[in-house]
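Q: Below: one structure in structure tokens.
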Amino acid sequence: NAGVTQTPKFQVLKTGQSMTLQCAQDMNHNSMYWYRQDPGMGLRLIYYSASEGTTDKGEVPNGYNVSRLNKREFSLRLESAAPSQTSVYFCASSPRTEMNTEAFFGQGTRLTVV
Amino acid sequence: DAKTTQPPSMDCAEGRAANLPCNHSTISGNEYVYWYRQIHSQGPQYIIHGLKNNETNEMASLIITEDRKSSTLILPHATLRDTAVYYCIVKRSQGNLIFGKGTKLSVKP
């Protein structure tokens with residue numbers, strides 16, 4: 001099983017450029033999440049989607065937009081990248097937000113904004 | 001969701017039990033204790049979770065105090081591959097996983 005797949009794995013952007021981080025899961029999960037992790041820090045929740053067709057802000061949503069394209073895919077868009085958005089981005093999925101089950105994480109996208 | 005407090009780092013000898021503490025003194029009755037770990041900047045990996053009772057699975061044991069204000073994750077026979085950052089998270093059923101800084105566990109030969 002592939003689990004949660006993120007693309008790309010690495011990306012370098014210039015300030016002001018835009019890009020979309022892709023995430024897909026093959027576990028038929030309802031809920032999906034985007035986190036960022038800065039050096040020496042824990043993960044911070046950017047946006048989440050409790051179910052197909054819904055999205056909600058997390059702790060640090062500014063500068064980002066998301067799209068839950070279908071049940072499998074949840075993308076994160078940076079419209080105008082800033083150096084402060086240099087980070088490692090993790091996508092995750094779980095059966096349902098309200099259920100007490102484990103979340104599965106992708107391997108991350110390492111983004112550098114210069 | 002209640003906050004958690006963990007030591008920033010711990011060492012453990014290979015083959016010995018690793019006991020990782022977590023304080024969650026403001027936990028509510030409907031909040032669960034979750035443990036995840038992150039090995040060398042990979043995506044976090046679920047370990048175990050519990051509400052009141054002690055829990056055990058193939059990876060670890062979770063001991064929750066009777067007043068639920070603290071818990072301990074036990075890795076019974078730590079190996080070098082258990083070197084990771086361990087996150088203790090308190091979460092309501094409807095809540096999201098909110099990560100702190102965790103405990104960096106170093107397993108030494």
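Q: Per 0.36 nm of contour for each residue apart, how much would the distance between B:Lys101 and B:Lys3 grow if the chain were fully extended, relative to their Cα-Cα spacing?
A: 34.1 nm
Q: Further question on the same structure: In the protein assembly as shown, what cysteines have no partner Cβ closer than 4.7 Å?
A: B:Cys12
Q: If you don't mind, there's one more thing I want to ask. Tally Lys/Arg at +1 and Asp/Glu at -1 over every other residue whose Cβ is under 12 Å from the Cβ of B:Asn53; what's the total?
A: Net of charged neighbours comes to 0.
Q: Suppose R0 equals 22 Å. What FRET efficiency, 1/(1 + (r/R0)^6) with r the Cβ-Cβ distance, do A:Thr54 and A:Thr5 give to the nearest 0.05?
A: 0.50
Q: Give me the number: length gained by fully extending B:Thr79 to B:Met10, i.e. 0.36 nm times residue separation minus the C-alpha to C-alpha distance, one decimal in nm.
A: Net length gain for the segment: 23.4 nm.
Q: Quick one: if you stick a label point 7 Å off each Cα along the C-beta vector at B:Ser41 and A:Asn70, how many nm between them?
A: Each label point is offset 7 Å from its Cα along the Cβ direction, giving 3.4 nm.
Q: Right, another one. With viscosity set to 1.306 mPa s and temperature to 10 °C, compute the Stokes-Einstein D of the protein assembly as shown, Rh being the Kirkwood radius across alpha carbon pairs; µm²/s, no decimals.
A: Taking Rh from Cα pairs, D becomes 88 µm²/s.
Q: Ordered by packing density, taken as the mean number of other Cβ atoms within 10 Å over each peptide's residues, highest first, how do B:5-12, B:37-44 rank?
A: In descending order of packing, they fall as B:37-44, B:5-12.
Q: Give me the inter-chain shielding for A:42-49: mean count of other chain Cβ atoms within 10 Å, whole number please.
A: 4
Q: If you don't mind, another one. How well do other chains shield peptide B:83-89, expressed as the mean number of their Cβ atoms within 10 Å of each residue Cβ?
A: Mean partner-chain Cβ count within 10 Å for B:83-89: 1.
Q: In chain B, if every C-alpha pair distance is counted and binned at 10 Å from zero, what percent goes to each bin?
A: 16, 51, 29, 5, 0
Q: Which order, highest average first, do A:7-19, A:84-96 follow once you tally other Cβ atoms within 10 Å for each residue and take the mean per peptide?
A: A:84-96, A:7-19
Q: If you take the square roots of the eigenvalues of the alpha-carbon gyration tensor of chain A and sort them as a ≥ b ≥ c, do you get rounded (a/c under 1.5), prolate (a/b over b/c) or oblate?
A: prolate
Q: List the lysines whose Cα lies under 29 Å from the Cα of B:Lys3, skipping any in the same chain that are fewer than 8 positions away.
A: Within reach: A:Lys57, B:Lys52, B:Lys69, B:Lys91, B:Lys101, B:Lys104.
Q: Post the alpha-carbon centroid distance, the range B:36-109 to the range A:35-85, in whole angstrom.
A: A separation of 24 Å, based on Cα centres.
Q: Also, quick follow-up: Calculate the mean, over all residues of peptide B:44-57, of how many other protein chain Cβ atoms lie within 10 angstrom of the residue's Cβ.
A: 2
Since every read-out is calculated from the coordinates, none of them should be taken as a lab result. A quick note: this is a predicted structure, and the numbers were derived from the prediction, not measured. All Cβ positions, even for glycine, are placed from backbone atoms using ideal geometry, and neighbour counts span all protein chains on display.
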